Amino acid sequence: MPSIDVCFSPELLHLYNLTGKIAVVVDVLRATSSMVTALSHGVTHITPVSELEACLAYREKGYLVAAERDGLKADGFDLGNSPFHYLEEDRTGRFLAITTTNGTKAMRLSSSADEVLAGAFLNVGAVADYLRKAGKDVVVVCAGWKGLFNLEDTLFAGALADRLQGEFTFDHDATQAAWHLYNTAKEDKMGFLANASHVQRMKRLDILKDTEFCLQEDVYTVVPVLQGDIL
Ligand code: 3SL
């Protein structure tokens, strides 16, 4: 039986061997949720980029360029990092380059895996279906916040484990911890996360509606897979 493991921060990735495995990168608030939403609403390709300057350079190729640092849209970019950018305006057929504080970096740092997927609550069921069919060992890579653990990505890891229970082994303590937390939180994720550091940050920035949106399960069926530089 394949296993599902959880890496709580990109800073811990040096302790994991991703070779031969599928990495599911998650940044629930909000990078991977925005990516899943964008691809579900007409954006054709997404290029995750680590640095601001490299991301901005994609504008010359006709891309929409999106950037977030510390929760805010970075100066000079078309978009920040809200899923509502793709719900409130038609982006059909656009190519997007995006850089965010943690999510796009986590994706880049996971590139030694056989496959890199973008996971979010919004597509958790579709990701679980993909992993069942692939039948390979999985590591959920939580983007966290500047190297630190966060609750929301851990809850996603637990939700994914929950969907795969009985078909994947949970022999790592990280998986068991994430699964227990998710089962404690699942009836009221928003309440459970009320004091989480990034939820507090989003409250201060008056973008709590993004949190509510990103905590919904199974809204979309798209499974973004990194192929070269592109999702
Ligand atoms: O850290 C990230 O990559 C972002 O998703 C953070 S934010 O939700 O856009 O503030």
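The values are calculated or read from the model by the stated rules, or taken from the named source; none is laboratory data. In this text the structure is predicted, and so the values were computed from the model without any measurement. Because the Cβ atoms are built from the backbone with ideal geometry, glycine has one as well, and the counts that use them run over all protein chains shown.
Every residue in the stretch 174-215 that is of a type in the set (S, T, N, Q) and either in contact with a Pro (Cβ under 8 Å, 6 or more places away or on another chain) or under 17 Å from HIS85 (Cβ atoms) (or both), please.
Our first condition is that a residue be of a type in the set (S, T, N, Q); within the stretch 174-215, this holds for 175-176, 183-184, 195, 197, 200, 211.
If the condition is that a residue be of a type in the set (S, T, N, Q) and either in contact with a Pro (Cβ under 8 Å, 6 or more places away or on another chain) or under 17 Å from HIS85 (Cβ atoms) (or both), then THR211 is the only one that fits.
Can you tell me which residue in the stretch 172-231 is nearest to the ligand (Cβ to nearest atom), limited to those that are free of Cβ contacts under 8 Å to residues at least 40 places away in the same chain and among the hydroxyl-bearing types (Ser, Thr, Tyr)?
Applying the filter and picking the extreme gives TYR182.
Go through the stretch 24-43 and report how many residues are surrounded by fewer than 20 Cβ atoms within 10 Å (Cβ to Cβ) and under 15 Å from the mean Cα position of the chain (by Cα).
Step one: list which residues in the stretch 24-43 are surrounded by fewer than 20 Cβ atoms within 10 Å (Cβ to Cβ), which gives 40-42.
Now narrow it down to the ones that are under 15 Å from the mean Cα position of the chain (by Cα): 40.
Selection size over the stretch 24-43: 1.
Collect the residues in the stretch 126-141 that are more than 17 Å from THR32 (Cα to Cα) and of a type in the set (Val, Ile, Thr), keeping them in residue-number order.
If the condition is that a residue be more than 17 Å from THR32 (Cα to Cα) and of a type in the set (Val, Ile, Thr), then VAL138 is the only one that fits.
Among the basic types (Lys, Arg) and without any contact (Cβ under 8 Å) to a residue 12 or more places away in the chain: is that true of LYS105 in this structure? If you could, list the steps in order and put the result at the bottom.
Details: among the basic types (Lys, Arg): yes; without any contact (Cβ under 8 Å) to a residue 12 or more places away in the chain: no.
So LYS105 does not fit the description; no.
For the stretch 167-189, how many residues meet the condition of being in a helix (DSSP H, G or I) and out of contact with any helix residue (DSSP H, G or I) (no Cβ under 9 Å at 6 or more places or on another chain)?
Looking only at the stretch 167-189, we keep the residues that are in a helix (DSSP H, G or I), and these are 173-189.
Okay, now just the ones that are also out of contact with any helix residue (DSSP H, G or I) (no Cβ under 9 Å at 6 or more places or on another chain), so 173, 187-188.
The number of residues fulfilling the criteria is 3.
Take the conditions free of Cβ contacts under 8 Å to residues at least 60 places away in the same chain and more than 25 Å from LEU151 (Cα to Cα) and apply them to GLY20. Does it pass? Working first, answer last.
Values: free of Cβ contacts under 8 Å to residues at least 60 places away in the same chain: no; more than 25 Å from LEU151 (Cα to Cα): yes.
In short, no.
Looking only at the stretch 44-71, which residues are away from the ligand (no atom under 16 Å from the Cβ) and under 17 Å from the mean Cα position of the chain (by Cα)?
HIS45, the sole residue that qualifies.
Considering the stretch 57-86 alone, what residues qualify as being farther than 27 Å from LEU12 by Cα and loosely packed, with under 14 Cβ neighbours inside 10 Å?
Selection gives GLU60, LYS61, GLY62, ASP75, GLY76.
What about LEU160, is it more than 16 Å from the ligand (Cβ to nearest atom), touching a residue at least 12 places away in the same chain (Cβ under 8 Å) and either under 20 Å from VAL25 (Cβ atoms) or assigned to a helix (DSSP H, G or I) (or both)? Give the derivation first.
Details: more than 16 Å from the ligand (Cβ to nearest atom): yes; touching a residue at least 12 places away in the same chain (Cβ under 8 Å): yes; either under 20 Å from VAL25 (Cβ atoms) or assigned to a helix (DSSP H, G or I) (or both): yes.
The answer is yes for LEU160.
Scan the stretch 84-101 for residues that are within 10 Å of the ligand (Cβ to nearest atom) and either aliphatic (A, V, I, L, M) or in contact with a Phe, Trp or Tyr (Cβ under 6 Å, 6 or more places away or on another chain) (or both) and jot them down.
Of all residues in the stretch 84-101, those within 10 Å of the ligand (Cβ to nearest atom) come to 98-101.
Of everything in the stretch 84-101, just one residue is within 10 Å of the ligand (Cβ to nearest atom) and either aliphatic (A, V, I, L, M) or in contact with a Phe, Trp or Tyr (Cβ under 6 Å, 6 or more places away or on another chain) (or both), namely ILE98.
Residue-by-condition table, conditions (1) modelled with pLDDT under 95; (2) surrounded by fewer than 12 Cβ atoms within 10 Å (Cβ to Cβ):
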{"residue": "ALA159", "(1), (2)": "no, no"}
{"residue": "PHE170", "(1), (2)": "no, no"}
{"residue": "ALA178", "(1), (2)": "no, no"}
{"residue": "ASP188", "(1), (2)": "no, yes"}
{"residue": "LEU193", "(1), (2)": "no, no"}
{"residue": "GLN216", "(1), (2)": "no, no"}
{"residue": "THR221", "(1), (2)": "no, no"}
{"residue": "GLY228", "(1), (2)": "yes, yes"}
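Does the stretch 113-135 hold any residues that are over 25 Å from SER82 (Cα atoms) and out of contact with any Gly (no Cβ under 9 Å at 6 or more places or on another chain), and which are they? So that I can check it myself, show each step before the final result.
Looking only at the stretch 113-135, we keep the residues that are over 25 Å from SER82 (Cα atoms), and these are 113-115, 129-135.
Passing the criteria: GLU115, ASP129, TYR130, LEU131, ARG132, LYS133, ALA134, GLY135.
Just one of LEU56, LEU29 is of a type in the set (A, V, I, L, M, F, W, C) and more than 28 Å from LEU131 (Cβ to Cβ); which is it?
Details: LEU29 fails: more than 28 Å from LEU131 (Cβ to Cβ).
None of the others qualify; the one that does is LEU56.
What are the residues in the stretch 8-36 that are more than 14 Å from the ligand (Cβ to nearest atom) and either hydrophobic (A, V, I, L, M, F, W, C) or under 11 Å from THR100 (Cβ atoms) (or both), if any?
Selection gives PHE8, LEU12, LEU13, LEU15, LEU18, ILE22, ALA23, VAL24.
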